[in-house]
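The values are calculated or read from the model by the stated rules, or taken from the named source; none is laboratory data. Bear in mind that the values here come from a model prediction, so they are computed numbers and not experimental data. Positions of Cβ are generated from backbone atoms using ideal geometry, with glycine treated the same way; all protein chains shown enter the neighbour counts. Surface areas here come from the heavy atoms of the whole protein model, side chains and all, with no ligands, DNA or RNA. Shrake-Rupley method; radii C 1.70, N 1.55, O 1.52, S 1.80 Å.
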Amino acid sequence: ASTAVLATALGGAAALQLPAVRLHLDNPWAAFVRSHAPELVLLTGTALGLRLLVTRGLWLDEATTWYQASLPSLAVMLDDIRSTDVHPPLHHVVSWFSVRAFGDGELALRLPSVAAGVALVPALYATARELWDSRTGLIVAWLATAAPILVWYSQEARMYSLLLLFAVLAAWAQARALRTGSPVALVAYGAACAAVIYTQYFGVLLVIALQLAFLQGALR
């Protein structure tokens, strides 16, 4: 998982050096509607179906997630994580609330990963469109829909699918901030980077790579 995150980080930093070819519209929603909205909706629905279609039993790490999410209170769970786990708490907190809302079955336990894996499809589309154009975004979204590694992590009750979603959102926000100077995009970038680090400690590699892209932009 750390290798995938690092590759994403380096790819995002390199991509910021490429010229962006896009349709310039004042309204981002209008740009979305005039690009590939129907195809993207279809791909997102397909991604959900693929991630729900194949099921498998819980394995050891997922059993750890189940145990932590089943603890009687959020405070007890956080205390248990501090003393027994090596990961930051964001995914565990999301899983704890998911189990409280939807029960302690396998689907409820994996729901955060499924949701993140499905949301990754439009997130990658938006990021690729921001860096290049909507056609590139559609190609990236198509690949993300059926990529075996992304489907696998979307079906696993661990933090990796959530980590990748936050990583892509950080790359999107950074690209938008560099292009437009939007303070909202800068805030979104900071929030996404914080979420990356609070999801998995190896995410700091991504944040470093993205910060280097900011440095490169400042030195131009």
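If you roll a 1.4 Å probe over region 39-91 with all protein chains in place, what percent of the accessible area is carbon or sulfur?
72
Residue 101 versus residue 147, label points 7 Å from Cα toward the beta carbon: distance in nm?
Placing both labels 7 Å along Cα→Cβ, they lie 2.6 nm apart.
Work out how much length residue 42 to residue 191 would gain on full extension: take 0.36 nm times their residue separation and subtract the Cα-Cα distance, in nm to one decimal.
50.7 nm
What ranking of 202, 102, 214 comes out by heavy-atom accessible area, probe 1.4 Å, highest first?
If we order 202, 102, 214 from most to least accessible, we get 102, 202, 214.
Quick one: length gained pulling residue 53 to residue 184 fully straight, 0.36 nm per residue minus the C-alpha distance?
43.4 nm
According to the square roots a ≥ b ≥ c of the eigenvalues of the Cα gyration tensor, what is the shape class of region 157-220, taking rounded for a/c under 1.5, prolate for a/b larger than b/c otherwise, and oblate for the remainder?
Prolate is the answer for region 157-220, as a/c is 1.5 or above and a/b outweighs b/c.
Quick one: net charge around residue 52, please, counting Lys, Arg +1 and Asp, Glu -1 for every other residue with C-beta under 15 Å from its C-beta.
Summing Lys/Arg as +1 and Asp/Glu as -1 gives +1.
For residue 76, what is the net charge nearby, where nearby means another residue's Cβ is under 14 Å from its Cβ and Lys, Arg count +1, Asp, Glu -1?
-1
Would you mind counting up the charge near residue 159? Only other residues with Cβ under 14 Å from its Cβ, with Lys and Arg at +1 and Asp and Glu at -1.
-2
Between residue 63 and residue 220, what is the label-point separation in nm under the 7 Å Cα-to-beta-carbon projection?
The two pseudo-label positions are separated by 5.2 nm.
Taking square-rooted eigenvalues a ≥ b ≥ c of the alpha carbon gyration tensor, is region 80-168 rounded, prolate or oblate, where a/c under 1.5 means rounded and, failing that, a/b exceeding b/c means prolate?
Prolate is the answer for region 80-168, as a/c is 1.5 or above and a/b outweighs b/c.
Does region 44-101 come out rounded, prolate or oblate by the C-alpha gyration tensor, with a ≥ b ≥ c the root eigenvalues, rounded set by a/c under 1.5 and, if not, prolate when a/b is larger than b/c and oblate if not?
prolate
Going from most exposed to least, what order do 152, 142 have by accessible area with a 1.4 Å probe?
Sorted descending by solvent-accessible area, the residues read 142, 152.
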